[in-house]
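Here the structure is laid out as structure tokens; the discussion comes afterwards.
The values are calculated or read from the model by the stated rules, or taken from the named source; none is laboratory data. This is a predicted model, so every value here is computed, not measured. Backbone-built Cβ (ideal geometry, glycine too); neighbour counts: all protein chains shown. Heads up: the accessible areas ignore ligands, DNA and RNA and are worked out on the full protein's heavy atoms, side chains in. Shrake-Rupley method; radii C 1.70, N 1.55, O 1.52, S 1.80 Å.
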Amino acid sequence: MKRPRLHALGLAVLGALSVAAASDYGVLTGRDPIDPATGRAAEIVPGAPFVAKGPNGWKDPVIDPSLVGDLDLVVRTGLAAPPAFAIPKPSPLRHAVPHAVAEPLGAGTKVSFVVIGSSAHPFWPLGVFFLPYGVRTADELDGRHVAVMAFADLDGDGYIGVTHLDGNLADEAIEEAEREPVGQHVFIGQTAIAEGALAIAVGGPTGARPRIALAAAAYLGPFLPEFHGGAIPVGPAVFTHLPFHPETDPDRIIGGGLVEPPDPTNPLMLLGVHVREGLKPDPGDPRYGEAFTLRLDGSDPSIDVADVSSGAFAGFGLARTPDPSWRYDTEDLKLRPAVGPSGERTVYELARHAALHAESLGSGEAARIVPVDRLGNVADLPAPTAATLRATGWLQILAPDADGDPSRESIVVDDARGVAILLRVDPAASANPTRQHLLVESAGRLNAIEILYPGTPDPYRSNVVARKRSEARSGTP
Amino acid sequence: MRFSNESCAGWRWALVAAAVVVFGGAGERLASAGITAVELSLDSVQSFAGSDGVLLRFEGTVLGAPLVQIDYPLHFLVFEQATGRYVRFDMSSGGVSGVAPQLLDGASASESLGLLYEGNALVGCEVVFVGEGRVDVQIPKGVLSGPLEAYAFALYEGDALMSNQVAVEATP
């Protein structure tokens, strides 16, 4: 009974203040920098400089460090109720970081969140110590699609994105992959906020549970019949902090398909959203440096965090140390947090199509058989579990080798650290077909790991590239 | 969604509703429009035989990330080319088996909808993996035999949005 009264009071105060200073209250106000190309509020990631496509698109972006994005949208996780007025601290500063469990089909423990329009009020501007995150705005988000997305700290350095703040310049391949969302969905704003729960695809076993950042984006403005049939607002787009500057051109987003206006009564309509980078930040660029790096300790005012466990054991997968020369920033999320042989936190590649390296043609390539959940995360094992490995075609299991048969092996996996194996290409066998399998069977569970001959391109990546080229040629979405 | 040579792919809304494009061909609604539609298309279906079960691997455009978020009404159907004996795997509730000779000349949306009310529950079916571009399910050994065909369909507003139909590749 207490909360509604506080809420009503908060709205009443908001109403009074907004009457007093209407032009300075709202997600977008007279204080927002103006994009000279559009004449309306510039679309800028908070804390980052103004970025726009150049004459050749994102290959030569226009970057103006003199215009820096302010706080427009805020995400908070783990709140018992949406804030009535002042926006609270991020969860690490409240000592209330929520915990999620990664499972598919909405079966996991999701991260509950609220997305709030943030406004500085002239009476209590940002910087005043007791309102550092602003106050809840009135109605700009109402009826709008609000995209909510999660990014995982795969390497456990406390940051999302390519950064030099961790003192490690050699982990760029892993940190690039952190810019790929690990959970995303569309929600509809109501009563000045968008609230819901987001499932996360990437989790980790005990000792390697990743922290994820929740971020959000939305189009503001009116719905006009002449603009995409009145299905989306005319903009501009506003964001929380993101690890990149996103593409926001509706013509590039919506494509040629028909889109219906927001309908919160049809959950299946809210199938998804995919937010990807326009500008891929380089922290070495002096124009913005680390401005796009997400900090997960609560010091990033517009985002919030959660810690994520992997789901229940569902079988076994093949894990390898990431190749620093490879690209992992793809939607199939190859990299997963893991515990190494000594129990240390690490990151493994759990590729669905594992192309062997050159050493597999000689002395063998090292890998590990690790327990996984239904989303391909390294999982905890409830008890030591026996498994039988079977290699097809030219693929051989060089080690362990208790039975002298390189095509079969029996192992016992004690825990999430898994068991080391050595894979080799049979030098006497034909390389065709270039795709073979490592079958792992355990207690009635069967997993098939696709192994590709050294040098064979990843078919997932090839398919994605082919699809994009086809779409670009045809001009269809 | 348009792609160009630029590195960005954009901020794409996958709003399902009116984005479903109606293609011709026997009056079927194919779920293969742009990214604003429910896209279902199979690149391949493979089967792997184990000592207790058979792993079925569906690769292609099979909803991917949205399957992490929601219990979407997505069905994978595998049937014997010779008899029409089938297993329909409902991602929401598990497996059902039966015989449907009407599938042998090519499955239609109406036939797929009809199968929702037929068949017997099949114990021992489970989801093994869900991810972008791939879904693995396991069914009991010995339920299906011989050359197999497979397709996927999703339910939306009372209709079945169909994928293409492909032959199942048996892997040793």
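Taking each residue in A:323-332, count the Cβ atoms of any other chain within 10 Å of its Cβ, then average. What number comes out?
Rounded to a whole number, the mean comes out at 1.
Show me B:109-118, A:300-309, A:142-151, A:216-225 ranked by packing, highest mean number of other Cβ atoms within 10 Å first.
Going by the mean number of other Cβ atoms within 10 Å, highest first, we get A:300-309, A:142-151, A:216-225, B:109-118.
How much length is gained on full extension from A:THR456 to A:ALA366, taking 0.36 nm per residue of separation minus their Cα-Cα distance?
So the extension gain works out to 30.6 nm.
Roughly how big is the B-A contact, given as buried accessible area in Å² (both sides, 1.4 Å probe, nearest 100)?
5900
Note down the nm distance, to one decimal, between modelled labels 7 Å out along Cα→Cβ at B:LEU113 and at A:PHE227.
Here the modelled spin labels are 3.7 nm apart.
Going 7 Å from the Cα of B:ALA170 toward and past its Cβ, which residues in the range B:118-152 have a backbone nitrogen under 20 Å from where you end up?
B:137-151
What average count of beta carbons from other chains do you get within 10 Å of the Cβ of residues in B:123-131?
For this peptide, the per-residue mean of nearby foreign Cβ atoms is 6.
Once phi is turned into ³J(HN,Hα) by the Karplus curve 6.51 cos²θ - 1.76 cosθ + 1.60 with θ = phi - 60°, what whole-Hz value does each residue of the range A:449-459 show in order, with x for glycine and proline?
Result, ordered by residue: 9, 7, 10, 9, 4, x, x, 6, x, 5, x Hz.
Can you give me the distance in nm between label points at A:SER342 and A:ALA81, each placed 7 Å from the Cα along the Cα-to-Cβ direction?
Distance between label points: 5.1 nm.
I need the calculated FRET efficiency for the pair A:TRP326 and B:LYS141, taking r as the beta carbon distance and R₀ as 41 Å, to the nearest 0.05.
0.65
Need one value for B:57-68: mean number of C-beta atoms belonging to other chains within 10 Å of its residues' C-beta atoms.
Whole-number average of other-chain Cβ neighbours for B:57-68 is 6.
Can you give me the accessible area per residue for the range A:326-404, using a 1.4 Å probe, in Å²?
Each residue of the range A:326-404 exposes 34 Å² on average to a 1.4 Å probe.
Using a loss threshold of 10 Å², tell me which positions in the range A:303-322 are less accessible in the complex than in their chain alone. Probe radius 1.4 Å, ligands and nucleic acids ignored.
The answer is A:ALA314.
Would you be so kind as to list the residues of the range A:417-451 that have their accessible area lowered by at least 50 Å² in the full protein complex compared with their chain by itself (1.4 Å probe)?
A:ARG435, A:GLU441, A:GLY444, A:LEU446, A:ALA448
Does the range B:76-172 come out rounded, prolate or oblate, given a ≥ b ≥ c as the square roots of the eigenvalues of its C-alpha gyration tensor, rounded meaning a/c under 1.5 and, failing that, prolate meaning a/b above b/c?
The shape class here is rounded.
For A:ILE34 and A:ASN432, compute 0.36 nm times the residue count separating them, minus their Cα-Cα distance, and round to one decimal in nm.
137.3 nm
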